[in-house]
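Following: one structure in structure tokens, then a few remarks.
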Amino acid sequence: MKRFVFFLVLLLFVLFPRSIAADEGWGIDNFQSDIAVQESGQVRVVETIEVDFRNLDKHGIYREIPYIYESEGEKTYTEIAVSSILQNNTKAKYETSRNDGYIQLKIGDPDRTISGKNVYVLTYTAKGVLRSFAEHDELYWNVTGNNSPVTINRVEAVVTVPKEGITRIICYEGYSSSQGECQSKQESPQLARFNSTGPLDEARGMTVVAGYTKGMVPILTVERPKSFWEKFTEWPSLATIFIVLFSGIITVLYRWHKHGRDYWFAQNIFGKKDDQGVVKPFGSHETVTVEFVPPENLRPGIIGVLMDERAQTHDVVATIIDLAARGYLTITEIPKKWLFGKVDYQLNKKQKPARNAVAEATAGGDEKELLGYEKKLLHNLFNTGDEVKVSSLKTTFYDDLEEVKKELYKEVVDMKLFPTDPEKVRSNYVMIAVVLLFVGLAGVGFSVSTDFVFGADIALGVVVSGILLLAMSRHMPRRTAYGHELYRRARGYHLFINTAEKHRQKFFEKKNMFNEVLPYAIAFGLTEKFAKQMHEMGIQPSTTGWYSGVHPITSSHFASSMSDFSSSMSTAIASTPSSSGGFSSGGSSGGGFGGGGTGSW
């Protein structure tokens, strides 16, 4: 019984396909095609398509025209050039795209719907669609295509040639490969007319053949279109890439040369500095000499920013050690509670720092002497009380840390070490670089999809320029001439700490020099090396009450403690909360050139 029903349905579909097929709700009343073979060997086609959308709301129609044809394993390539498209005698909006060997014309306004009867007139030129045989040349043209989803009530085609010479005509209609004939009439040696015998149901089309005198017009051929990659690697494209890339690289490097290099005090011919107002970009080799004290008594955090143009977490940790050494807080080591536990640390704020040699030397002991970022750091550390454990700062202090860094950047600008906030300079260039990358990548994608090679060349240049600018953004902040001079001297102080064993006499001359230098060693990333040098010189640290450890204070143990404290503190204050969460015989309808289909959207 089931087999009987199946075969019955299949038989009905074969005998009455129109009634079985789904009704689209609209139709094509008339499809008129005027096909003119021109003396140049090209074929000009004017299609007048009368559609009735009835009461449907539609934007328009689409027309698909093949430009690649395959027969017996061989491909034939043609060119289709659209001249104009009219809708109801008015210039129509349309989009052109290529897909699977078809040119698709999407006609209509996406922001406007229409209904009822509409007339579309498509004018285009086809190249490479004429064929040559031993005794005649021929136009073999699929007028409507066989991909239409609706019934075409009437089809008419008129073929003309530039001179008298039409020798034979024939017309086919029906499904693809059908050899059912339609009406054809040669009205003159230059004109033939073809008509469908009746309405053409869905997927049925009409194809015409007109043979004419051999050699009347040239038989044009179209070479296989070059792939995007083939066109991309040709010399005009490569030259364009080179020019755009070179221009982008030069622009970025010029921007750095003009706005990213430090200013420095100009030298006159006698080796003396000019007035401070006369400055030039830094560009010559400078000799760095050892400095035994921080230049202009700059604080560790300030020197940290001066050295690498960044306010980093270890600069803040160095500031905490510096504040402790100056008497503003104490650090107490809390031993681990079990074998695999970790040592913790407790910070205690001191209301009135005791005067000592270090404090006297650094003008400490009075909050009026604190810089803005130091005040912000103390306030944020002890905003809930006068004591805090380092472990409690984990995932809670990161916003406070950013506030301290902002104050630190503000301080170096106020001190005229930088003309503007170096972090903002970096961020601005990063933002520009990201925009260039986004625009460039979008341009590459668009150019590849539209086969616009030179557009891809330019877009690729923009991408590379964006990458280079992103890499160079870290070098775009610049120091002032005054800032560069202190930077040069800070490098000398770094040299002193890095080679402390060569200058041991300086440490023996000043009892508390270990405590004074330690915060700067942390800022420079030289903590362990500096402590090792102190141990080798036999110099023991004197914490003067600001650090309390579990074990007796020795240079080797203190180095380990300070390294562990710096690591723990950096991890704690910079950590953020973790987030969780949840891509020829054989002629037939559908044969020849032309074809495709017509639909709506």
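The values are calculated or read from the model by the stated rules, or taken from the named source; none is laboratory data. Bear in mind the structure is a predicted one, so any value in this text is a computation, not a measurement. As a convention, Cβ positions derive from the backbone with ideal geometry for all residues, glycine included, and neighbour counts pool all protein chains shown. Side chains are part of the model used for accessible areas, which takes the heavy atoms of the whole protein and leaves out ligands, DNA and RNA. Shrake-Rupley method; radii C 1.70, N 1.55, O 1.52, S 1.80 Å.
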Worksheet item: In this structure, is Glu187 in a strand (DSSP E or B), of a type in the set (D, E, K, R) and closer than 18 Å to Val45 by Cβ?
Response: no
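So that you can scan it fast, the table gives a plain yes or no per residue for (1) open to solvent by 60 Å² or more (accessible area, probe 1.4 Å); (2) at pLDDT below 90; (3) within 30 Å of Glu138 (Cα to Cα); (4) acidic (Asp, Glu):
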site: Ile20; (1), (2), (3), (4): yes, yes, no, no
site: Phe31; (1), (2), (3), (4): no, no, yes, no
site: Ile35; (1), (2), (3), (4): no, no, yes, no
site: Glu39; (1), (2), (3), (4): yes, no, yes, yes
site: Val51; (1), (2), (3), (4): no, no, no, no
site: Lys58; (1), (2), (3), (4): no, no, no, no
Discussion item. Filter the range 540-573 down to the residues that are at pLDDT below 75, closer than 16 Å to Asn512 by Cβ and part of a loop (DSSP other than H, G, I, E, B) and list them by number.
Written reply: Gln540, Pro541, Ser542, Thr543, Thr544, Ile553
Practice prompt. Keeping to the range 439-451, report how many residues are open to solvent by 70 Å² or more (accessible area, probe 1.4 Å) and at pLDDT 85 or above.
Written response: 3
Fill in: 1 or more residues modelled with pLDDT under 90: qualifying strands (runs of 3 or more DSSP E) within the range 93-170
94-99, 102-108
Worksheet item: In the range 443-477, what residues are over 22 Å from Trp229 (Cα atoms), assigned to a helix (DSSP H, G or I) and hydrophobic (A, V, I, L, M, F, W, C)?
Response: Ile467, Leu468, Leu469, Leu470, Ala471, Met472
Worksheet entry | Residues of the range 190-211 classified as open to solvent by 50 Å² or more (accessible area, probe 1.4 Å) and either under 20 Å from Asn147 (Cβ atoms) or part of a strand (DSSP E or B) (or both), total | 3
Item to complete: Take Leu436 and decide whether it is more than 30 Å from Glu296 (Cβ to Cβ), in contact with a Gly (Cβ under 8 Å, 6 or more places away or on another chain) and assigned to a helix (DSSP H, G or I).
Response: yes
Practice prompt. Return the total of residues in the range 412-428 being in a helix (DSSP H, G or I) and either touching a strand residue (DSSP E or B) at 6+ places or on another chain (Cβ under 8 Å) or open to solvent by less than 30 Å² (accessible area, probe 1.4 Å) (or both).
Written response: 4
Practice prompt. Could you check how many residues of the range 486-512 are more than 19 Å from Lys532 (Cβ to Cβ), modelled with pLDDT under 90 and in a helix (DSSP H, G or I)?
Written response: 1
Discussion item. What's the number of the only condition in (1) open to solvent by less than 70 Å² (accessible area, probe 1.4 Å); (2) modelled with pLDDT under 90; (3) not hydroxyl-bearing (Ser, Thr, Tyr) that Phe454 fails to meet?
Written reply: (1)
Practice prompt. Using the structure shown, decide if His285 is open to solvent by 60 Å² or more (accessible area, probe 1.4 Å), modelled with pLDDT under 85 and closer than 30 Å to Lys502 by Cα.
Written response: yes
